[in-house]
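The values are calculated or read from the model by the stated rules, or taken from the named source; none is laboratory data. Note that the coordinates shown come from a computational prediction; the quantities given were computed from them, not determined experimentally. Neighbour counts run over all protein chains shown; Cβ positions are idealised from the backbone, glycine included.
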Amino acid sequence: MNLCFNTALAAGYKSKAQIARVLSESWAASNVFCPCCGYSSLTKLDNNEPVADMRCDKCGEVFELKSAKGKLGKKIPDGAYETMIQRINSLTNPELFVLQYTPEYEVTDLTLIPKFFFVPSIIEKRNPLPPTARRYGWVGCNILYSNIPKQGKIPIIQNKNVVDKEIVVEKYTTVKQIQTNNIETRGWLFDVLNCVNSIHGDVFTLKEMYGFVDVLQELHQDNHNIEAKIRQQLQLLRDKGFIEFLGSGVYRKKI
């Protein structure tokens with residue numbers, strides 16, 4: 001896999017955003033395989049396609065590409081807030097590639113965020129654009145990247161090292177077990193999974209999970225039986241193969 005952008009493609013462009021888009025999309029279409037099925041390449045879509053940038057001609061999955069020069073922050077700027085929320089709720093959002101590159105236009109990292117890891121709570125509403133802006137009143141959003149469970153960040157390239165395709169596809173297939181089309185259930189599942197991930201070590205207890213009651217109550221203020229909900233979500237995570245129940249309120253992380 002060639003990790004360098006073809007900078008000749010940026011000739012004639014002056015906008016830094018346009019240059020980044022042209023170079024990153026061209027690089028991805030020329031170098032990236034489908035992480036969902038393993039097909040050798042992706043097809044670049046027309047620029048007027050809503051949200052999607054690429055499609056796999058084998059499995060039909062569509063992908064959006066977001067790129068960042070240098071280190072990635074906790075948030076990723078995205079498009080219109082209402083459109084994003086509608087797509088998540090209607091289950092029509094694409095898979096997301098997050099690409100990082102150096103000032104010299106060399107790729108350092110590429111991560112896949114599966115579409116079934118998106119919930120409204122990881123989408124932050126930005127302030128409307130001011131009267132001085134060309135699109136006055138437009139409301140954008142940020143993807144709260146740091147709030148996505150680690151299981152939903154599948155590395156394809158890490159620190160300039162390309163991960164074997166079979167490993168990537170196997171990882172995607174494994175985490176896909178958590179997919180649910182019920183957005184409320186999905187939100188609860190990922191909030192509890194983030195709590196599990198924050199516990200040090202592979203073995204944890206139900207008592208430790210009850211220590212997150214206040215955190216989860218803040219996220220789900222309409223629920224007044226948080227401990228019962230924690231037990232329910234742990235059972236779901238067990239059934240989906242993410243954790244193992246060892247007995248007597250003790251669990252082990254598996255994924």
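The set of residues in the stretch 37-86 that are among the hydrophobic types (A, V, I, L, M, F, W, C) and farther than 21 Å from Ile148 by Cβ comprises Cys37, Leu42, Leu45, Cys56, Cys59.
Can you find, within the stretch 2-28, the residue that is nearest to Val107 (Cα to Cα) among those that are crowded, with 17+ Cβ neighbours inside 10 Å and among the aliphatic types (A, V, I, L, M)?
Within the stretch 2-28, the subset crowded, with 17+ Cβ neighbours inside 10 Å is 3, 5, 10, 19-25, 27-28.
Okay, now just the ones that are also among the aliphatic types (A, V, I, L, M), so 3, 10, 19-20, 22-23, 28.
Working: Leu3: 5, Ala10: 16, Ile19: 15, Ala20: 12, Val22: 14, Leu23: 11, Ala28: 10 Å.
Selected residue: Leu3.
Which of the residues spanning the stretch 127-149 are within 30 Å of Ile178 (Cα to Cα) and surrounded by 14 or more Cβ atoms within 10 Å (Cβ to Cβ)? Gly140, Cys141, Asn142, Ile143, Leu144, Tyr145, Asn147, Ile148, Pro149, listed by residue number.
Can you pull out the strands (runs of 3 or more DSSP E) entirely within the stretch 43-135 that have at least 1 residues that are free of Cβ contacts under 8 Å to residues at least 60 places away in the same chain, of a type in the set (S, T, N, Q) and in contact with a helix residue (DSSP H, G or I) (Cβ under 7 Å, 6 or more places away or on another chain)? Break it down stepwise before answering.
Values: elements: 62-69, 75-80, 95-101, 107-113, 123-125.
Counting at least 1 such residues, we get 62-69.
Considered as a group, the residues in the stretch 70-105 that are among the charged types (D, E, K, R) and surrounded by fewer than 14 Cβ atoms within 10 Å (Cβ to Cβ) include one that is modelled with the lowest pLDDT, and that residue is Lys71.
Would you check if there is a residue in the stretch 150-157 being surrounded by 12 or more Cβ atoms within 10 Å (Cβ to Cβ) and out of contact with any strand residue (DSSP E or B) (no Cβ under 9 Å at 6 or more places or on another chain)? Yes - at least one qualifying residue is present in the stretch 150-157. Give me the residue from the stretch 219-255 that is in contact (Cβ under 8 Å) with a residue 24 or more places away in the chain and basic (Lys, Arg) and, out of that set, farthest from Glu170 (Cα to Cα). If we take residues in the stretch 219-255 being in contact (Cβ under 8 Å) with a residue 24 or more places away in the chain and basic (Lys, Arg), then Lys229 is farthest from Glu170 (Cα to Cα). Scanning the stretch 163-181 for residues that are more than 27 Å from Ser90 (Cβ to Cβ) and without any contact (Cβ under 8 Å) to a residue 60 or more places away in the chain yields Val163, Asp164, Ile167, Glu170. Tell me yes or no: at least one residue of the stretch 31-51 is among the aromatic types (Phe, Trp, Tyr) and crowded, with 20+ Cβ neighbours inside 10 Å. No; the residues of the stretch 31-51 include none that is among the aromatic types (Phe, Trp, Tyr) and crowded, with 20+ Cβ neighbours inside 10 Å.
In the stretch 78-123, which residues are of a type in the set (Phe, Trp, Tyr) and farther than 15 Å from Thr180 by Cβ? Across the stretch 78-123, the qualifying residues are Tyr81, Phe97, Tyr101, Tyr105.
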